[in-house]
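Below you will find the structure I want to go over with you.
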Amino acid sequence: MSADSVKEIVDFCQGIFEDLDFTKAREWKDAEPGRKVIGYMPVYVPREIIHAAGMLPLGILGGGADLEVIHGDAFYQSYICRIPRSTVELAITGKLDFVDGMMFPSICDVMRNLSGIWQLLFKDKYVRYFDVPQNFKDEVGGVFYANELRELKEGLEKLGGREITEEALRHSVEVYNENRQWVNKVYDYRSATPWKAPSVEVYLLMRAGMVLPPEEHTQLMKDYLAAADREDRPMRDNCRIALTGAFCEQPPLNLIKSLELSGCYIVDDDFMLVTRWLLEDVPTDGDPIENLSKAFLHHSAETAAKFEDTVEGKGSYLLETIRKRRADGVIFAAPSFCDPALLDQPMLVSRLEAHKIPYITMQYAENSGQMQPIREQSGTFADSIKLWSVA
Amino acid sequence: MSQQDVIKSRSMLLQKEMIARNYDKITSGEVKVSSTFVPGNLNELLMCFDIANNLPEINAIQNAMRKKSGEMIMEAERSGHSEDVCTYVKADIGMMAKGNIAPNGKPFPDPDVLLLSYTGCFTFLKWFELLREQYKCPTVMLQVPYSADGQPTKNHRDYIVKQLKEEVIPTLEKISGIKFDIDRLREYLRKSAKAEDDLVWMLEQSKRKPSPIDCYFGGVYYMGPIFTAFRGTDEAITYYQMLREEIQERIDKGLGVQTPEGEMGEEKYRLVVEGPPNWTSFREFWKMFHEAGAVVVASSYTKVGGVYDYDNFRHDPDHPLESLADYCLGVYTNRNLPTRVDMLARNIKEYEADGLLINSIKSCNSFSAGQLVLMREVEKLTGKPGAFVETDLVDPRYFSAANVKNRLESYFQMIDQKRRAGGSATTLA
């Protein structure tokens with residue numbers, strides 16, 4: 001896609017976001033015989049290895065606000081979050097029929113068991129539960145993780161019927177390094193000038209990256225930044241907030257819009273963490289598997305999906321984000337019934353309280369419809385920051 | 001019948017005394033204490049360092065059965081914990097806020113170490129991060145990868161052994177001041193295996209008709225010592241020998257299940273149950289079964305601290321660390337759903353059960369996420385009807401007696417109907 005204006009780019013991304021048939025990914029697959037698509041659920045999977053196999057990594061982030069879940073509710077009890085039920089809905093209504101394999105990252109018990117449901121329901125598909133180390137020493141967790149990566153590589157080689165060469169891996173690492181650099185540039189740009197890059201646009205831009213090949217997504221981000229810079233948009237008297245807890249089931253688009261309309265510029269968030277999980281470039285010389293392993297162990301974002309080794313380390317990532325992004329406060333936005341986010345929250349809250357950083361907490365589901373209470377809550381929060389902040 | 005009139009067997013009395021002794025040990029101030037979890041616990045290893053084993057889940061259960069957990073959970077919610085999360089965690093945190101008193105009336109000491117050895121439950125990881133906030137004590141972790149393909153891999157086993165050698169054992173040596181002696185571990189594992197033989201014998205006796213035992217409500221008691229602080233001890237061997245004798249006695253006399261209120265009477269329904277029991281209304285819940293003549297002949301909950309009957313696992317003194325790794329990997333909830341389906345379907349066939357009842361637990365996604373699919377798969381494989389009730393572990397707000405009873409009655413009627421018709425019944429959900 002080549003577009004000049006923000007509107008064109010955002011409309012394009014919105015189209016991808018709303019398209020629950022994943023037409024773009026289908027088109028990519030159909031463009032050449034033998035192409036394969038590997039779906040992955042939120043949080044982290046090493047997309048570099050899928051890419052190096054010549055396959056398309058397809059981020060599947062539930063069904064969103066507009067999907068009517070009919071069958072999925074027969075799979076999950078009322079007290080289980082919504083993302084597995086809408087994902088099952090997508091699958092059993094044929095919307096994922098072109099997907100050749102699914103990866104389920106290690107994040108929580110629901111996601112873990114969803115991998116088993118896939119094994120039971122889709123016996124002819126490649127299914128991999130993707131475990132990651134919670135021990136971050138090279139010789140312990142690193143050895144385990146590198147072996148897991150090798151097993152993944154072997155599995156994809158078998159599925160694709162071709163070897164994944166070191167050269168291909170290095171190239172894919174380069175492609176994703178560049179993609180990540182531009183993701184970070186977009187985030188930096190939004191943080192510096194949030195009125196020029198509204199969060200709903202940034203979000204749609206990143207969502208497009210879940211469906212498009214990384215090379216196309218990178219170009220799209222370049223185009224967006226250039227276009228956004230040309231736009232003349234007024235700066236509002238909003239406060240700056242970091243949003244955390246939304247790393248898995250995604251909030252409805254309206255929620256993101258509502259937060260900004262109520263007076264909160266989102267200057268950092270943890271939506272679609274997979275694009276920002278690795279904090280530094282992965283080296284392109286040496287053994288690419290070892291490099292990916294070390295990048296995960298030593299340079300990855302702190303989230304509720306990871307074990308924090310020390311009491312002192314807990315919350316440091318969030319505090320650093322607040323400092324770096326000059327956030328005035330934090331919105332904890334977690335999906336209902338999300339054990340990792342909700343169990344992490346009291347620990348993070350205590351760190352914020354120690355630093356006298358204002359915060360509010362809210363819960364949502366991907367199909368939450370009532371935005372008025374959220375607008376009131378976040379509007380009051382924004383007002384209180386503006387009225388009482390010492391800054 | 002009043003609480004005092006509850007009928008207890010000799011083995012139950014012995015177990016009560018064992019648990020009380022363990023709490024006295026924990027609260028004595030004379031030993032080092034580790035908090036750790038039931039599924040994947042390393043009791044034999046802790047004993048090598050003379051460290052007492054304290055299990056937060058068991059404390060939550062004890063408090064639930066004493067009707068104390070509700071207030072503890074609300075205390076945790078008042079301090080910022082969500083209504084949505086695991087109630088074991090909140091009961092534990094609420095217990096701390098209310099003085100951290102052990103069931104023997106004495107205060108729990110702060111643990112010397114949090115041994116984050118866990119399987120099949122991601123929440124455990126967060127739980128110990130939360131406890132570490134409070135206790136500020138060392139935390140050592142044994143990460144057990146999920147057996148997502150049904151079988152442990154060499155990489156999984158090697159990872160666990162390496163963590164034991166390079167993380168867990170050195171930390172426990174440092175905390176206890178005791179050097180690790182692998183022969184001591186071997187001896188404990190030998191004792192574990194002996195008790196495990198009797199445990200499996202016990203589990204398999206419910207293949208008899210009538211079953212001499214209930215493998216869910218009764219099973220909770222039978223599995224107590226082996227899943228907690230006693231695996232690897234002479235006491236556990238004695239306990240399971242005594243239990244075996246008691247069950248043999250019942251078999252010899254042709255007796256069925258003993259309930260807290262006496263002999264059950266005619267065995268009308270044989271069930272396999274998936275999921276943990278409800279602890280806040282445990283006796284009321286059991287009563288709904290035994291009053292209807294329903295006996296649970298096998299349950300997944302009796303595998304939550306280790307699976308010994310499905311693939312004949314025993315702790316192996318000749319391969320001590322590898323054996324601990326295999327034990328951890330094989331715990332019920334650490335196995336993928338297809339394996340859980342296979343286990344339950346086999347149970348239904350081998351124990352000649354009438355069907356599968358699922359007690360779906362609001363605060364335990366490890367068990368609950370996927371249970372509806374699991375039920376349908378088991379139905380397909382066995383042709384036996386499944387049913388679903390919903391309760392919680394230790395939150396009394398989520399036990400609706402009327403609702404559960406209605407569903408159970410409907411289920412028993414469905415089984416009757418199926419027996420009469422000889423056809424397949426539809427699913428209750």
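The values are calculated or read from the model by the stated rules, or taken from the named source; none is laboratory data. In this text, all values refer to a predicted model and were calculated from it rather than measured experimentally. Every residue, glycine as well, gets a Cβ built from its backbone with ideal geometry; the counts of neighbours run over all protein chains shown. The area values use the complete protein model at the heavy-atom level, side chains included, leaving out ligands, DNA and RNA. Shrake-Rupley method; radii C 1.70, N 1.55, O 1.52, S 1.80 Å.
Quick test for you: out of B:Met12, B:Met47, pick the one residue that is surrounded by 15 or more Cβ atoms within 10 Å (Cβ to Cβ) and modelled with pLDDT under 95.
Of the residues listed, the single one that is surrounded by 15 or more Cβ atoms within 10 Å (Cβ to Cβ) and modelled with pLDDT under 95 is B:Met12.
Right, A:Asp232: at pLDDT below 95, within 14 Å of chain B (Cβ to nearest Cβ) and surrounded by fewer than 18 Cβ atoms within 10 Å (Cβ to Cβ) or not?
no
One line per residue, one yes/no per condition, for (1) under 23 Å from A:Phe22 (Cα atoms); (2) in a loop (DSSP other than H, G, I, E, B):
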site	(1), (2)
A:Lys158	no, no
A:Ile164	no, yes
A:Val183	yes, no
A:Val202	yes, no
A:Leu205	yes, no
A:Ala208	yes, no
A:Thr218	yes, no
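Out of all the residues in region B:371-396, which are acidic (Asp, Glu) and either more than 11 Å from every other protein chain (Cβ to nearest Cβ) or in contact with a Gly (Cβ under 9 Å, 6 or more places away or on another chain) (or both)? Outline the logic, then answer.
Going through region B:371-396, the residues acidic (Asp, Glu) turn out to be B:377, B:379, B:390, B:392, B:395.
Across region B:371-396, the qualifying residues are B:Glu379, B:Asp395.
Here's another thing I want to ask about it. Would you mind telling me which numbered condition in (1) in contact with a Gly (Cβ under 8 Å, 6 or more places away or on another chain); (2) assigned to a helix (DSSP H, G or I) A:Arg128 fails?
Exception for A:Arg128: condition (2).
Collect the residues in region B:382-402 that are assigned to a strand (DSSP E or B) and more than 12 Å from B:Pro277 (Cα to Cα), keeping them in residue-number order.
Scanning region B:382-402 gives B:Gly386, B:Ala387, B:Phe388.
Hey, A:Tyr126 hits all of (1) closer than 15 Å to A:Lys36 by Cα; (2) at the interface with chain B (Cβ under 9 Å from one of its Cβ atoms); (3) of a type in the set (Phe, Trp, Tyr) but one; which does it fall short on?
Only one criterion in (1) closer than 15 Å to A:Lys36 by Cα; (2) at the interface with chain B (Cβ under 9 Å from one of its Cβ atoms); (3) of a type in the set (Phe, Trp, Tyr) is unmet by A:Tyr126, namely (2).
Please pick out the residue among B:Val341, B:Val307 that is in contact with a helix residue (DSSP H, G or I) (Cβ under 8 Å, 6 or more places away or on another chain), away from every other protein chain (no Cβ under 14 Å) and under 26 Å from A:Cys108 (Cα atoms).
Residue meeting the stated conditions: B:Val307.
Now for a separate question. Between A:Leu225, A:Leu212, which is within 20 Å of A:Arg35 (Cβ to Cβ) and of a type in the set (A, V, I, L, M, F, W, C)?
Within the list A:Leu225, A:Leu212, the selection yields A:Leu212.
Evaluate region A:67-76: report whether one residue or more is open to solvent by 10 Å² or more (accessible area, probe 1.4 Å), over 19 Å from B:Ser366 (Cβ atoms) and at the interface with chain B (Cβ under 10 Å from one of its Cβ atoms).
Looking through region A:67-76, at least one residue is open to solvent by 10 Å² or more (accessible area, probe 1.4 Å), over 19 Å from B:Ser366 (Cβ atoms) and at the interface with chain B (Cβ under 10 Å from one of its Cβ atoms).
Please verify whether B:Ile26 is among the β-branched types (Val, Ile, Thr), in contact with a helix residue (DSSP H, G or I) (Cβ under 9 Å, 6 or more places away or on another chain) and surrounded by 22 or more Cβ atoms within 10 Å (Cβ to Cβ), treating the condition exactly as stated.
no
Return a yes/no flag: does region B:315-328 have any residue that is buried (at least 24 other Cβ atoms within 10 Å of the Cβ), aliphatic (A, V, I, L, M), touching a residue at least 24 places away in the same chain (Cβ under 8 Å) and closer than 14 Å to B:Leu199 by Cβ.
no
Now a separate question. Pull out all pairs, ordered by first then second residue, where Cβ-Cβ is under 9 Å, the residues are six or more apart or on different chains, the first lies in region A:83-111 and is facing chain B (nearest Cβ under 10 Å), and the second is in a strand (DSSP E or B) and hydrophobic (A, V, I, L, M, F, W, C).
A:Phe104/A:Val127; A:Phe104/A:Phe130; A:Ser106/A:Phe130; A:Met111/A:Phe104
Quick check: is even one residue across region A:162-177 open to solvent by 40 Å² or more (accessible area, probe 1.4 Å), farther than 14 Å from A:Met102 by Cα and under 21 Å from the mean Cα position of the chain (by Cα)?
The initial filter retains those residues of region A:162-177 that are open to solvent by 40 Å² or more (accessible area, probe 1.4 Å), namely A:162-163, A:165-167, A:170-171, A:174.
Add one more test, that the residue is farther than 14 Å from A:Met102 by Cα, and what stays is A:162-163, A:165-167, A:170-171, A:174.
Now drop any that are not under 21 Å from the mean Cα position of the chain (by Cα), which leaves A:174.
So far as region A:162-177 goes, yes, one or more of its residues are open to solvent by 40 Å² or more (accessible area, probe 1.4 Å), farther than 14 Å from A:Met102 by Cα and under 21 Å from the mean Cα position of the chain (by Cα).
Then there's this: Take the conditions without any contact (Cβ under 8 Å) to a residue 40 or more places away in the chain and open to solvent by less than 10 Å² (accessible area, probe 1.4 Å) and apply them to B:Gly105. Does it pass?
On the way: without any contact (Cβ under 8 Å) to a residue 40 or more places away in the chain: yes; open to solvent by less than 10 Å² (accessible area, probe 1.4 Å): no.
No; evaluated as a whole, the condition is false for this residue.
Right, another one. Considering only region B:36-122, give the helices (runs of 4 or more DSSP H) lying wholly within it that have at least 3 residues that are among the acidic types (Asp, Glu).
Filter on region B:36-122 gives B:69-78.
Report yes if A:Asp223 is open to solvent by 60 Å² or more (accessible area, probe 1.4 Å) and acidic (Asp, Glu), otherwise no.
Numbers: open to solvent by 60 Å² or more (accessible area, probe 1.4 Å): no; acidic (Asp, Glu): yes.
Spelling it out, it is not the case that A:Asp223 is open to solvent by 60 Å² or more (accessible area, probe 1.4 Å) and acidic (Asp, Glu).
One line per residue, one yes/no per condition, for (1) open to solvent by 40 Å² or more (accessible area, probe 1.4 Å); (2) more than 25 Å from A:Glu174 (Cβ to Cβ):
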residue	(1), (2)
A:Asp4	yes, yes
A:Asp30	yes, yes
A:Lys36	yes, no
A:His51	no, no
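Another question about this same structure. Which number in (1) in a loop (DSSP other than H, G, I, E, B); (2) of a type outside the set (A, V, I, L, M); (3) modelled with pLDDT of 95 or more marks the one condition that B:Arg340 misses?
That leaves (1) as the condition not met.
Considering each residue of region B:354-365, count those that are facing chain A (nearest Cβ under 7 Å) and closer than 26 Å to B:Gly383 by Cα, and give that number.
Residues flagged as facing chain A (nearest Cβ under 7 Å) and closer than 26 Å to B:Gly383 by Cα within region B:354-365 amount to 1.
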